[in-house]
Amino acid sequence: ISDQKPLGCWSVKHGQILTCPVVCNFETHEYIAVHDDKVLRIWKNEDINLDKAFKATLSADVHRVHSLPAGGPLVLFRAGGVRTLDVLLEAPQQEIENVISDETIRWSEAFMEGQQPVIVFVTEKEGDFFVYVQKPKLNSLHRYKLEPQELSKPLNFTAYIKNQTVTLLCLYSNDSVYKVLIPLQEDAEEEQEILPKSLLLNLSVSGSVLKGTSLVVLDKDHVAVLGSLAAAGKEPKECLTIWNTKFQTLQTSKELPLGTSGQLWCYEEKFFLTHGKVLTVIMYKCETSSLAAAVGKLKDSQTPDVSSFVNWNTLEDEELVVSFQSQQSVGLKSESRMNLRSRKNSVAKVQPEALSVGQLLLNLKNAPTNVLEKELRQLMSKAQTPDLQATIGSVVTALTNRCKTNPKYYPKNFLLQIVQTRDLSYSLCPDLMAVALERKDVHLLQTCLERFPDIPEEITYACLEAFLSISEARLQRTDVNLESVICYIDVELNNKEVKTEIIENGFSAELEQDRGDTKIPKQTQSKSDGDSCPVGPYRAALLNAVIHSAYSETFLLPHLKNLPAQQAILFLRYLYYLYVKCSEKVNTTLPGVRSPTINQIMDWMCLLLDAHFTVMVMLPEAKGLLSNLHKFVRAQVRFYSELNKIEGSLRELQRLNHLRDSQTYSIEVLEII
């Protein structure tokens, strides 16, 4: 999400239509989709072609597939029947009963009650709404009718289960939220029961009315509603709002000027909604509700100006969030539009008598350097497990903010220690690598490249350019991890010479030359681009970190075109050297820790040539490199072509060896024609 990297994409054939949302089976790590109402598809992340994935044609139309982390997938059919996926796959053409008659399913959700999966769905027929509660493993089904509401109808639903009771919240067109309690009964109902509802919340405040389109439950006292806030004489504005149902108050809201789809999702204390053309992710933290928090009258003599809830401006700003008071309010904090990078601002849960993380960091903003580092170390050591990452992200942010305001301050060892010992990501501390680039801290950059899984391509390119441009003299004074190069580059203690020994596999001077070429003398060949490393071991180790990092070609290529020509040639020389080194080995694998793989090397070579081919063709100093690269690849193609020619004979020899009596000693000469 943070950098819009396409991790996987699957398409149905032309004319086919996905007819319900795709879900993930948490138990098998498989995706489940339904297209054209009846065709079930199941595939894994590594599968490429959806048309070749598992396929099962069902006997009835599917409304939706629900996936439970501990209960497995449940399939809800349009006629109201429910099957677990396992039962359905045993006989895909099994008959599905008609539970509903002339009714349309408007909403459905699945839950776990103890060890039993429960599915709740709402149907509509001629303006009347009905609620069904099913336990598919127990063959239990109950049908209820919602109490009608004059001049109003339900628009959206959400629910949760607690204490053997389903609490159904209904968002009605009269700008109100109603609550319906449904007991999870075990006995069969003989008569249809009408469910009474009670008013939970009026969506109006100070003369403005919220026309809600979607709602989710946060906890027993708070709900989130997405909709348009309309005031008299003013244009309606789409907003995400948080309401305290216990005290009937609007806790906080955020205007969404780019518009939304009207849909709101909530998962693991994060909201997901579309804002304009991007996906917005907003983290929230629910804490104990109080009247003071509900009316915004929290008292704290130390922090009279602190907002009780959240600084919504963190959607755009890089400032620290002013934390709300611990365990007394519900708070929202937003992560950048497409970014999960402002996780650094996450609020840690602390004891009521302690300052919140945000407030502590605010107090330390102007503290002396030694006090700042001491307090931050203590903060990391005291952090509770659920909020550990967010707390450490906040610590790194506090340090990088100090670095930006004070050019003389740079806690190199402290930052390196945090990155090496904590499970961080770029999203948690997005300013860290920018500060390291500014200070030319190549060791920290190397460590981040090795440990962060979500580095944007722009930063990856900036690291590459920095590693290629930094002087050799400065590199000699730098502490760089050489584990990725030490096993295939022989480094003398004075670091002035890089020795390599090449034993070619499928590559010789004879194969390298065209039939009309003149044979290269041995002494000239030994000095070719592929024989000696064109960079020192320190630069090689840094470049290996870049080669190993994850990227998307689409987003990296535009940046790579900005690489200066001389640096591009130097990088290509090094990639060519690695390519030759890999080809020496039968398994085409370089020794060492985190050494580049043959696929990574080839991918980067292709990227570099795509970005700079025209320039390299025009530069005289690149001509020899391109010629050698072409000849080496051609030689390998010839070598593998020869191997392919005798593949059949080798298989026949293998078959004969299996047929031969292994106890009998013999010497045979087989002629391969």
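The values are calculated or read from the model by the stated rules, or taken from the named source; none is laboratory data. Since the model is a prediction, treat every value here as computed from it, not as a measurement. In this analysis, Cβ positions are derived from the backbone assuming ideal geometry, glycine residues included, and neighbour counts consider all displayed protein chains. What goes into the accessible areas is simple: the full protein's heavy atoms, side chains included, and nothing from ligands, DNA or RNA. Shrake-Rupley method; radii C 1.70, N 1.55, O 1.52, S 1.80 Å.
Observations on the structure shown:
- Note on the stretch 412-446: residues that are over 20 Å from the mean Cα position of the chain (by Cα) and crowded, with 20+ Cβ neighbours inside 10 Å total 9.
- The set of residues in the stretch 67-117 being of a type in the set (G, A, S) and open to solvent by 50 Å² or more (accessible area, probe 1.4 Å) consists of A70, S101, G114.
- Unique match (being modelled with pLDDT of 85 or more and either within 23 Å of R573 (Cα to Cα) or among the basic types (K, R) (or both)) among R660, R651, R638: R638
- Taken together, the residues in the stretch 37-55 that are modelled with pLDDT of 90 or more, surrounded by fewer than 14 Cβ atoms within 10 Å (Cβ to Cβ) and more than 23 Å from the chain's Cα centre (by Cα) amount to 1.
- Evaluating S595 against the criteria (1) open to solvent by less than 50 Å² (accessible area, probe 1.4 Å); (2) over 30 Å from N562 (Cα atoms); (3) not in a helix (DSSP H, G or I) leaves one unmet condition, (2).
- Checking K145, K137 one by one, the residue that is of a type in the set (K, R) and outside any helix (DSSP H, G or I) is K145 and no other.
- Considering only residues in the stretch 146-160 that are charged (D, E, K, R) and open to solvent by 90 Å² or more (accessible area, probe 1.4 Å), the one that is nearest to L264 (Cα to Cα) turns out to be K153.
- Residue match in the stretch 208-228 (condition: on the phi < 0 side of the Ramachandran plot, touching a Pro at 6+ places or on another chain (Cβ under 8 Å), open to solvent by less than 50 Å² (accessible area, probe 1.4 Å) and not acidic (D, E)): yes
- Residue check, Q185 closer than 26 Å to V75 by Cα and modelled with pLDDT of 90 or more: no
- Whichever residue in the stretch 373-411 is modelled with pLDDT under 70 and open to solvent by less than 50 Å² (accessible area, probe 1.4 Å) and, among such residues, is nearest to C448 (Cα to Cα): M380
- Flag if V617 is loosely packed, with under 15 Cβ neighbours inside 10 Å and more than 19 Å from L563 (Cβ to Cβ): no
- Note on the stretch 522-548: residues that are at pLDDT 90 or above and among the polar types (S, T, N, Q) amount to 1.
- Residues located in the stretch 232-249, provided they are surrounded by fewer than 18 Cβ atoms within 10 Å (Cβ to Cβ) and under 17 Å from S261 (Cβ atoms): P236, K237
- Residue check for N139: closer than 23 Å to G71 by Cα and out of contact with any Gly (no Cβ under 9 Å at 6 or more places or on another chain): yes
- Restricted to the stretch 463-474, and to residues there that are surrounded by 11 or more Cβ atoms within 10 Å (Cβ to Cβ) and more than 34 Å from the chain's Cα centre (by Cα), the residue that is modelled with the highest pLDDT is R474.
- Failed item, numbered, when V65 is tested on (1) under 23 Å from Y178 (Cα atoms); (2) within 36 Å of the chain's Cα centre (by Cα): (1)
- Residue within the stretch 281-301 that is assigned to a loop (DSSP other than H, G, I, E, B), open to solvent by less than 30 Å² (accessible area, probe 1.4 Å) and modelled with pLDDT of 85 or more present: no
- Close pairs from the stretch 217-231: first under 16 Å from L256 (Cβ atoms) and of a type in the set (V, I, T), partner open to solvent by less than 20 Å² (accessible area, probe 1.4 Å) and assigned to a loop (DSSP other than H, G, I, E, B), Cβ under 9 Å, at least 6 apart: V225/L203; V225/L264
- L169 being in a strand (DSSP E or B), open to solvent by 60 Å² or more (accessible area, probe 1.4 Å) and under 20 Å from K220 (Cβ atoms): no
- Residues in the stretch 118-137 that are open to solvent by less than 30 Å² (accessible area, probe 1.4 Å) and at positive phi: 0 in all.
- Taking each residue of the stretch 590-616 that is free of Cβ contacts under 8 Å to residues at least 40 places away in the same chain and closer than 15 Å to A545 by Cα and looking for partners that are of a type in the set (F, W, Y) and assigned to a helix (DSSP H, G or I) with beta-carbon atoms closer than 8 Å, six or more apart or interchain, yields I598/Y579.
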